[in-house]
Amino acid sequence: MSEVSTKPYLIRAIHAWCTDQGYTPYLAAVADEHVRIPPGTAREGQIVLDVSFDATHQLDMGNDMIQFQARFGGVAQWVRIPVANVLAVYAQENGHGMAFEPEVFEGADTEQPEGASEDPDEPPPSSGGDKPAAGRSHLKIIK
């Protein structure tokens, strides 16, 4: 049995700490072919996203994939980021958080998950894990 990485647990812990402290959690990730984001939102091969519960809908921070629905230009869209692509999670207000070494995504599936739809009202399959309910999303992209 292979050992599960501590990375997804640390991402969830920093996200929870930011939320508990009243800070806005941000996530920086490598934007490659394994990441599902709207075209034109990445800068220099990376994307930085507000992943607070106010900015996301149906946030699911699983062990392999982080996914949620967010608004880009007023249009709700699904975002999928492999945990392997995450470079950092931190509080926007003070920069405290954690950075990670870039990894090579080892997912066999680079396509949309089975049963998922391009419909912004239909979520992709859940990767599991407990998460609080979230409200309407308003994504804020920063560099």
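FYI, it's all coordinate maths here, none of it is from the lab. This is a predicted model, so every value here is computed, not measured. Note that each Cβ is placed from the backbone with ideal geometry, even for glycine, and that neighbours are counted across all protein chains shown.
Okay, here's what the table says:
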read-out: Under-5 Å amide H pairs with Gln46, H placed in peptide plane, nonlocal only; value: Ala31
read-out: Estimated FRET transfer efficiency (Asn94, Gln58; beta-carbon r; R0 35 Å; 0.05); value: 0.80
